[in-house]
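**Q** Quick one: structure below, then a few questions.
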Amino acid sequence: MAPPSPQLTILSARLAVGEGALEQARAELDDAIEALSMQPDLRKCRADMRSRLDDPEGAARDAAEAVILNPADPQAKAILGGTMLNLGRAADAAACLAEALAAHPREPVWRETLAIALQALGEADTALAVLTDGIALLPGNVVLRNAAILLCLRHRDFTEAHRLAEQARQQGIADACTFGMKGHALSSLGRHEEAAAAYQEAYKLGPNDPYVRHLVVASGALPDANRAPESYIRAVFDGYANQFEAHLISLGYSIPGAIRKALLAHPKVAAGLPVGPVLDLGCGTGLAVVAINDLPLGPFTGVDLARRMLDHARAKQIYDELREADVMADLAAQTQYWPLILAADMLCYFGALDEFLPLVQARLTPGGWFVFSVEELLPDRNGTVPGNGRWALQRLGRYAHAADYVHEAAIAAGFRVLRTDRLVARQENGVPVPGIVVTLETIRHDD
């Protein structure tokens, strides 16, 4: 009954969003902006809509127009900052968000987004200061506290992460995520019994959270599981993507080089003949393919669960195709056959391999190779083999596998074991992590 107005259009669009009708909401906003092009609130609303519809460029244009129409509007600047961050323009994002936050310092979402932008610029200390200033202003906000703890974990400042988590616990501003991160910090500091207690507190607060459950299982407080949940892997690696390569290199990460060494023994590669296409399972940022990109291999297809890891792989321009998917589901859905499949440091998130290896074998050409790494399960000092003797979930949430079990599972899946190379995969808190790189070949029908 009321005449058309920006406020009614925005209200109608928000109702449509609540019903899941995103395209209808955008159409209403398009019509309104065509009729009322000088209304910044309509532009802000459509910027949000375009972000929801995975149109970051369109969202940025609308947000920029809203700022032009009303340069004094801090919300418009914050929205523009968020869109700039989605486009990978962290410096522009930080500038916009800093201006918005200066006008309204008690906006926790703006503060958290500014911290993310600063981290992307390599300014971790400034990002932490932004978050801790927010905690001082808003002491009851658990999101800011968790963001500060997570930042410390990502930069491996486990002492500060534990301090912040314990402070949150003492002040009664803690949730399952807080306790889970406290456990991770304690485990990384070697304080495993305290970590297990923190994980159990996290589980009490979030019993249905698969991320929390996996950490509790790793602490030994719950029965073991066959593999890490998808949500756990996504959460870990989407948050880890920007520091992933630098961190691994600093730990003496040797898996890509060991895979290269194994592939140099491939008869065709040794003869200078091409081998491909190549499937890289759990490709991450593409470190393994970087190590072998000069060999006569390719084109490469990568599969990974973590979108931000795939963004880094895509930037290297060494993959012909990248897919965001669970590797088990991807293998089961494929019809293509591959002469070479790789999995660098991916099976540490699997326990049992009895379902996974047959899926790989089914997608290889006769005589095709599967080259992969696992962390090696070795006996404790008293001679006891942890876990079930075949594989064990370790305290930091990664699985280790006994070499004999890997060989037995491979043979049962229809492979021949060509070689097993033992190595130190990396250092963890100054301790060598034993690993093996295994080269398997599918058995030909004429063998």
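The values are calculated or read from the model by the stated rules, or taken from the named source; none is laboratory data. These numbers come from a predicted model, not from an experiment. When we count neighbours, we look across all protein chains shown, and the Cβ atoms used for this are built from the backbone with ideal geometry, even at glycine. Note: accessible area is taken over every heavy atom of the protein model, side chains too, but ligands, DNA and RNA are not part of it. Shrake-Rupley method; radii C 1.70, N 1.55, O 1.52, S 1.80 Å.
**Q** So how many residues does the range 88-108 have that are under 21 Å from the mean Cα position of the chain (by Cα) and either surrounded by fewer than 16 Cβ atoms within 10 Å (Cβ to Cβ) or in contact (Cβ under 8 Å) with a residue 24 or more places away in the chain (or both)?
**A** 2
**Q** Quick one: would you say VAL278 is more than 21 Å from ALA412 (Cα to Cα) and without any contact (Cβ under 8 Å) to a residue 40 or more places away in the chain?
**A** No, not satisfied.
This table checks each residue for (1) touching a Gly at 6+ places or on another chain (Cβ under 6 Å); (2) open to solvent by 70 Å² or more (accessible area, probe 1.4 Å); (3) modelled with pLDDT of 75 or more; (4) on the phi < 0 side of the Ramachandran plot.
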site: SER5; (1), (2), (3), (4): no, no, no, yes
site: ALA16; (1), (2), (3), (4): no, no, no, yes
site: GLU19; (1), (2), (3), (4): no, yes, no, yes
site: ALA32; (1), (2), (3), (4): no, no, no, yes
site: PRO40; (1), (2), (3), (4): no, no, yes, yes
site: LYS44; (1), (2), (3), (4): no, no, yes, yes
site: VAL67; (1), (2), (3), (4): no, no, yes, yes
site: ASN86; (1), (2), (3), (4): no, yes, yes, yes
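**Q** Residues in the range 96-119: is at least one small (Gly, Ala, Ser), closer than 30 Å to GLN427 by Cβ, assigned to a helix (DSSP H, G or I) and touching a Leu at 6+ places or on another chain (Cβ under 8 Å)?
**A** yes
**Q** Consider ALA136 against the criteria (1) open to solvent by less than 10 Å² (accessible area, probe 1.4 Å); (2) farther than 27 Å from ARG308 by Cα: it satisfies all of them except one. Which criterion is unmet?
**A** Only one criterion is unmet by ALA136, namely (1).
**Q** Of all residues in the range 198-209, how many are open to solvent by less than 50 Å² (accessible area, probe 1.4 Å) and more than 22 Å from the chain's Cα centre (by Cα)?
**A** Counting residues in the range 198-209 that are open to solvent by less than 50 Å² (accessible area, probe 1.4 Å) and more than 22 Å from the chain's Cα centre (by Cα) gives 1.
**Q** List the helices (runs of 4 or more DSSP H) inside the range 289-377, counting only whole elements, that have at least 3 residues being among the small types (Gly, Ala, Ser) and either out of contact with any Leu (no Cβ under 8 Å at 6 or more places or on another chain) or open to solvent by 30 Å² or more (accessible area, probe 1.4 Å) (or both).
**A** The qualifying helices (runs of 4 or more DSSP H) are 327-333.
**Q** Something else: When residues of the range 148-191 are filtered for being crowded, with 23+ Cβ neighbours inside 10 Å and among the aliphatic types (A, V, I, L, M), how many remain?
**A** 11
**Q** For the range 380-408, what are the residues that are more than 28 Å from the chain's Cα centre (by Cα) and either part of a strand (DSSP E or B) or farther than 16 Å from GLY435 by Cβ (or both)?
**A** ASP380, ARG381, ASN382, GLY383, THR384, VAL385, ASN388, GLY389, GLU408
**Q** Run LEU80 past the list (1) more than 29 Å from the chain's Cα centre (by Cα); (2) at pLDDT 90 or above; (3) assigned to a helix (DSSP H, G or I) and report the number of the one that doesn't hold.
**A** LEU80 satisfies every listed condition except (1).
**Q** Restricting to helices (runs of 4 or more DSSP H) lying wholly in the range 131-199: which have 1 or more residues that are among the hydroxyl-bearing types (Ser, Thr, Tyr) and within 20 Å of PRO108 (Cβ to Cβ)?
**A** Helices (runs of 4 or more DSSP H) meeting the threshold: 176-188.
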